[in-house]
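Heads up, the thing below is written out as structure tokens.
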Amino acid sequence: MGQKVNPYGFRLGITTDWKSRWFADRRAYADNIIEDWKIRDFIMSQLPHAAISRIEVERTRDRLRIDVHTARPGIVIGRRGAEADRLRQGLAKITGNNRVQLNIQEIKQPELDAALIAQGVADQLAGRVAFRRAMKRAVQNAQKAGALGIRVQCAGRLGGAEMSRTEWYREGRVPLHTLRAEIDYGFREAKTTYGRIGVKVWIYRGDIVPYKTPPDVAQAAALAAGDPTDGPRPRRVVSRSAAARRRSTAETVEVTAAPEEVDETVAPLVKEADPEFERLLAEEEEIERSTRDHHETPHFRMDD
């Protein structure tokens, strides 16, 4: 049997950072883990359509900070910040800490977030969209957004079939065994009338080099001459954790300053593809439907 390893946990501490950042002794360790699970379950259950990718929890001595990464910050904030205040009250009741800091961070490119793509595909499956069309739409949108590789996998009673199966599509490279590769992984479930369908997404964004590139000859000569401005400067490459912290400070939506009006229009996470590509998908579905109907064994009744 194949041994599957979560790409996030496989690179934890190397290219990925912890989603829960705190330290506790043996007595409080289990309580904090259960409390983190309750926090994430409460937020995800209260905001099922807010396109939440991940929730990070950070604890200090007497303060609790919760970062919610979402592609629809307007739904999380609510009108005049009412939804954020309600969430903060619920979190204070769960944790017993009134000093809960709730930060809402907007995801600028949901097409490159594996969890959001999986959520978009799951929403389409729940809306009776053909699974092949939903998967191919996600692949094309991710490639147009700049992903170097993507794999989308659906498992379950696809198309209402009696026997469950697994289907997947992959474009580009997805090097799961390379530790320096930045692999984003997401999993969601689609609740359909004929059972649940699991959706998994892997996205390869590029390699992460956690060290600085050495200066070239021109820069070394400029430094030796005492003029550091001449010559190209080495490109600084940092780890993802540092880059994520830098982005979080720039993209955090201040909840304390509640906006007067919030845009509540909900756009689909996986948008429609190009018209030509959509036409080809429709033709492919029509051919598959006609072929399946032609080869189906007729069902006869006793009275016929």
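The values are calculated or read from the model by the stated rules, or taken from the named source; none is laboratory data. This is a predicted model, so every value here is computed, not measured. With ideal geometry, Cβ positions are generated from the backbone for all residues, glycine too; neighbour counts draw on all protein chains shown. The accessibility values were calculated without ligands, DNA or RNA, using every heavy atom of the protein model including side chains. Shrake-Rupley method; radii C 1.70, N 1.55, O 1.52, S 1.80 Å.
Counting other Cβ atoms within 10 Å, which trypsin sites (Lys or Arg not before Pro) in segment 1-61 have at most 12 and lie in a DSSP loop?
For trypsin sites (Lys or Arg not before Pro) across segment 1-61 that sit outside H, G, I, E and B with at most 12 neighbouring Cβ atoms in 10 Å, the list reads K4, R61.
Report the net charge of residues surrounding W168, where surrounding means a beta-carbon distance below 12 angstrom and charges are Lys +1, Arg +1, Asp -1, Glu -1. Net charge around W168: +4. Counting only protein chain heavy atoms and rolling a 1.4 Å probe, the accessible areas of D85, D67, D31 rank, largest first, as D31, D85, D67. Pull out a ≥ b ≥ c, the square roots of the eigenvalues of the alpha-carbon gyration tensor of segment 1-149, then state rounded if a/c is under 1.5, prolate if not and a/b is larger than b/c, and oblate in the remaining case. Verdict is oblate for segment 1-149.
Measuring against 27 Å, Cα to Cα, the residue pairs K4/K93; K38/K200; K19/K93; K38/K136; K38/K144; K38/K191 contain K4/K93; K38/K136; K38/K144 as the ones spanning a longer distance.
Quick one: net charge of R65's neighbours, Cβ under 10 Å, K/R +1, D/E -1? Residues close to R65 contribute a combined charge of +1.
Extension gain, Y29 to A145, is 37.7 nm, computed as 0.36 nm per intervening residue step minus the present C-alpha separation. Rounded to the nearest Hz, the phi-derived 3J(HN,Hα) couplings of segment 65-77 under the Karplus curve 6.51 cos²θ - 1.76 cosθ + 1.60 (θ = phi - 60°) are 10, 10, 9, 10, 8, 9, 8, 10, x, x, 6, 5, 6, where x marks glycine and proline.
Here's how it looks for L64: its modeled amide H is under 5 Å from those of Q101, which are all 5 or more places away or on a different chain. Accessible surface for E171 stands near 90 Å², nearest 10, in the context of the full protein assembly shown (1.4 Å probe).
For the set M163, M135, the ranking by accessible area, highest first and with no ligand, DNA or RNA atoms included, is M163, M135 under a 1.4 Å probe. If you add up the charges near R151, with Lys and Arg at +1 and Asp and Glu at -1, over every other residue whose beta carbon is less than 9 angstrom from its beta carbon, what do you get? That works out to +1. Ranked by solvent-accessible area (1.4 Å probe, protein heavy atoms only, all chains present), the residues I197, I34 order from largest to smallest as I34, I197. Listed values for segment 30-43 are Karplus-derived 3J(HN,Hα) couplings in whole Hz (6.51 cos²θ - 1.76 cosθ + 1.60, θ = phi - 60°), namely 5, 5, 5, 5, 5, 5, 4, 5, 5, 5, 5, 5, 5, 5, and x replaces Gly and Pro. For segment 101-141, rounded, prolate or oblate, judged on the Cα gyration tensor with a ≥ b ≥ c (square roots of eigenvalues), a/c < 1.5 rounded, else prolate if a/b > b/c? Taking the square roots of the gyration eigenvalues as a ≥ b ≥ c, segment 101-141 is oblate.
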